Amino acid sequence: MWCDNTEVKETTKDCYWILPDGTDAVHILEIPAFTCVNCGSYLSDEMNHDIDMSLYARELPKGKKEFTYKELMSAQYKNIFALKQSES
Ligand SMILES: [Zn+2]
């Protein structure tokens, strides 16, 4: 999927991300990424997965459509159990 250029450098990237429920998009800043002269900057599959999981499982910064990767990763996990109880 990516070229085999070994001259890949670490960088950060700002990305728009659709929330897991598909209702909205957020702008995530300073995501650790890689940059290649041929492919441009891109996120690893692991990073894509981590962000998807975090958006699903963590309490997002309230009322913010834009936050940094660090803010996302330091956000508390949702209390899934409490959430389910209040829905029933
Ligand atoms: Zn490349």
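Sparse packing (at most 16 other Cβ atoms within 10 Å of the Cβ) combined with a DSSP loop state is found for the following GluC sites (Glu not before Pro) in the stretch 1-59: Glu7, Glu59. Remark: the Asp21-Met53 segment gains 10.3 nm on full extension, using 0.36 nm per residue and subtracting the alpha carbon distance. Put a plus charge on the Cβ of each Lys and Arg, a minus charge on the Cβ of each Asp and Glu, and nothing anywhere else: the dipole of the chain about its Cα centre is then about 380 debye.
When the trypsin sites (Lys or Arg not before Pro) in the stretch 1-82 are filtered for DSSP coil states and for at most 14 other beta-carbon atoms within 10 Å of their beta-carbon, the remaining sites are Lys62, Lys64, Lys65, Lys78.
Ligands, DNA and RNA left out, the 1.4 Å accessible surface of the chain is 52% carbon and sulfur atoms.
For the options Thr12, Thr35, Thr23, a Gaussian network treatment of the chain with springs between C-alpha atoms closer than 10 Å singles out Thr23 as fluctuating the most.
Dividing the summed helix terms, -39500 (n - 2.57) for each DSSP H run of n ≥ 4, by the number of residues in the chain produces a 222 nm estimate of -8500 deg cm²/dmol to the nearest 500. Against the chain, whose longest principal axis is taken from its Cα atoms, helix 45-57 shows a tilt of about 10°. Per residue, the chain exposes 72 Å² of solvent-accessible protein surface, assessed with a 1.4 angstrom probe and all protein chains in place. Using the Cα coordinates of the chain, the gyration tensor eigenvalues translate into equivalent-ellipsoid semi-axes of 30, 13, 11 Å, sorted from longest to shortest. Straight-line cross-link partners of Lys13 among the lysines, defined as a Cα under 30 Å from its Cα and at least 8 positions apart when in the same chain: Lys62, Lys64, Lys65, Lys70, Lys78.
The values are calculated or read from the model by the stated rules, or taken from the named source; none is laboratory data. It should be emphasised that the depicted structure is a prediction, and the values quoted were computed from it without experimental measurement. We place every Cβ from the backbone using ideal geometry, glycine too, and count neighbours over all the protein chains shown. Note: accessible area is taken over every heavy atom of the protein model, side chains too, but ligands, DNA and RNA are not part of it. Shrake-Rupley method; radii C 1.70, N 1.55, O 1.52, S 1.80 Å.
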